[in-house]
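So the structure is just underneath, and the comments pick up after that.
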Amino acid sequence: MKVLVTGGCGYIGAHTIVDLINNGFDVVSVDSNIRSTTQLLDGIEKITGKKVRNYKVDLCNLEDTNAVFHENRDIVGVIHFAALKAVGESVHEPLLYFQNNLTSLINVLKCVKEYNVPNLVFSSSCSVYGNTTALPVVEETPLAEAQSPYARTKQMGEKIIEDYSRVNDTQSILLRYFNPVGAHPSALIGELPLGKPDNLVPVITQTAIGKIPKLTVFGDDYNTKDGSCVRDYIHVMDIANAHTKALQYLIEHRNESNCEVFNLGTGNGVTVLEAIKAFEKISGVKLNYTIGPRREGDVIAIYANNTKAKEKLQWEPKIGIEDSMRTAWQWEVSLRNKVLSN
Ligand code: UD1
């Protein structure tokens, strides 16, 4: 059974490809490599022994996208990861985010329709909930105002798929990720931000290894237990496995409607300062950090109720915050060792 993964050279895409292959799927990837390289595909090959083909195609180009679907008419599903995802950047470049994230999704859906692809899994985000006070969030929690254009592209992307699914045969699942962190335990693949990272865990590991001089905690005056923002950090391999489970769920027709939504989080809220402490504990490295102003577009606190994914997808997050930090750190160290040995 062949699956088309968009954004297969990216962080979550690459980890998901490993899990799909380990569960017997064949995979082809489409990735424009505007925010990634093919480096993670080499790691995937080392882990699984399978060479995954990547089509270097921009999904905003319908003709090129169509050609990929035409060549892969035997796919059982599409997992659509490809998107821009920097919350801060999206605040300053809203049109870039709307243009890229929505055009690519619409083009994927046009091809899914044209080639009668039966199953679709979409990368959504907990950012769709906005600044909600109903914590932990369940899938039915009303979506509050999006706090950034990035988050709005995810809210709109969900609605586009919902409307599409109402009048087409494709079965869809929207997966709302909380904060994916960590790396494959082999340290052969992990998060590979091009340029300066935005996300907390690569900022932590790059500070610890000396690539970044200092970490800034974005605000300690929020109404949370220690004043810093609360997030639900979930290991990327747990997120990856939920995609395989979601696809199997659709293939086996266990879904109750044409479009279902699931939260993918651990259920635990962790503050930025607690995440830093967890890292310091497992690495033995004292982090150089300072408290700075709040970051535009950040929500204050969010963590998941994950009961629905556990019950219906028979999925279970297995890796806690310390092991997540440990694998992220092993990955960062392996990147340094690679540079040193070259
Ligand atoms: C957001 C989205 C998430 C999405 C991700 C993609 C929300 C609630 N979540 O994650 O769904 O998948 O973007 O990138 O919008 N921080 C610092 N210093 C740093 C970096 C981060 O203090 O140098 C803090 C942030 O303020 C935040 C936490 O760390 O409180 C996590 O930030 P980050 O890793 O960027 O992810 P989110 O913005 O939560």
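The values are calculated or read from the model by the stated rules, or taken from the named source; none is laboratory data. In this text the structure is predicted, and so the values were computed from the model without any measurement. Note: ideal-geometry Cβ built from the backbone for every residue, glycine included; neighbour counts use all protein chains shown.
Could you please find all residues in the stretch 178-188 being surrounded by 24 or more Cβ atoms within 10 Å (Cβ to Cβ) and more than 10 Å from Val236 (Cα to Cα)?
Residue satisfying the conditions is Phe178 alone.
Out of curiosity, is Leu143 more than 15 Å from the ligand (Cβ to nearest atom) and aliphatic (A, V, I, L, M)?
no
Considering every residue within the stretch 146-154, establish whether at least one is more than 14 Å from the chain's Cα centre (by Cα), within 9 Å of the ligand (Cβ to nearest atom), within 17 Å of Met325 (Cβ to Cβ) and at pLDDT below 95.
No, the stretch 146-154 contains no residue that is more than 14 Å from the chain's Cα centre (by Cα), within 9 Å of the ligand (Cβ to nearest atom), within 17 Å of Met325 (Cβ to Cβ) and at pLDDT below 95.
Can you tell me which residue among Leu175, Leu102 is within 15 Å of the ligand (Cβ to nearest atom) and surrounded by 16 or more Cβ atoms within 10 Å (Cβ to Cβ)?
Leu175
So, in the stretch 113-126, how many residues would count as being out of contact with any Ser or Thr (no Cβ under 6 Å at 6 or more places or on another chain) and either at pLDDT below 95 or away from the ligand (no atom under 11 Å from the Cβ) (or both)?
Looking only at that region, the number is 9.
Quick check on my filter: what residues within the stretch 205-239 are in a loop (DSSP other than H, G, I, E, B) and in contact with a strand residue (DSSP E or B) (Cβ under 7 Å, 6 or more places away or on another chain)?
Scanning the stretch 205-239 gives Lys214, Asp220, Thr224, Lys225, Asp226, Ser228, Cys229, Asp232.
Where residues in the stretch 265-317 are without any contact (Cβ under 8 Å) to a residue 60 or more places away in the chain, farther than 30 Å from Ile173 by Cβ and charged (D, E, K, R), which of them is surrounded by the most Cβ atoms within 10 Å (Cβ to Cβ)?
Glu274
Out of the residues in the stretch 187-204 that are assigned to a loop (DSSP other than H, G, I, E, B) and within 12 Å of the ligand (Cβ to nearest atom), state the one that is farthest from Glu296 (Cα to Cα).
Glu191
Rundown of residues vs (1) surrounded by 20 or more Cβ atoms within 10 Å (Cβ to Cβ); (2) part of a helix (DSSP H, G or I); (3) without any contact (Cβ under 8 Å) to a residue 40 or more places away in the chain; (4) out of contact with any Leu (no Cβ under 7 Å at 6 or more places or on another chain), yes/no style:
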{"site": "Val5", "(1), (2), (3), (4)": "yes, no, no, yes"}
{"site": "Cys9", "(1), (2), (3), (4)": "yes, no, no, no"}
{"site": "Gly13", "(1), (2), (3), (4)": "yes, yes, no, yes"}
{"site": "Thr16", "(1), (2), (3), (4)": "yes, yes, no, yes"}
{"site": "Asn33", "(1), (2), (3), (4)": "no, no, yes, yes"}
{"site": "Leu41", "(1), (2), (3), (4)": "yes, yes, yes, yes"}
{"site": "Glu45", "(1), (2), (3), (4)": "no, yes, yes, yes"}
{"site": "Leu59", "(1), (2), (3), (4)": "yes, no, no, yes"}
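Got a number for residues in the stretch 76-99 being of a type in the set (D, E, K, R) and either crowded, with 18+ Cβ neighbours inside 10 Å or under 24 Å from Asp19 (Cα atoms) (or both)?
1
Condition check ((1) closer than 21 Å to Val236 by Cβ; (2) hydrophobic (A, V, I, L, M, F, W, C)) across all residues:
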site: Asn22; (1), (2): yes, no
site: Thr37; (1), (2): yes, no
site: Leu41; (1), (2): yes, yes
site: Ile47; (1), (2): yes, yes
site: Val52; (1), (2): yes, yes
site: Thr65; (1), (2): no, no
site: Glu71; (1), (2): no, no
site: Leu84; (1), (2): yes, yes
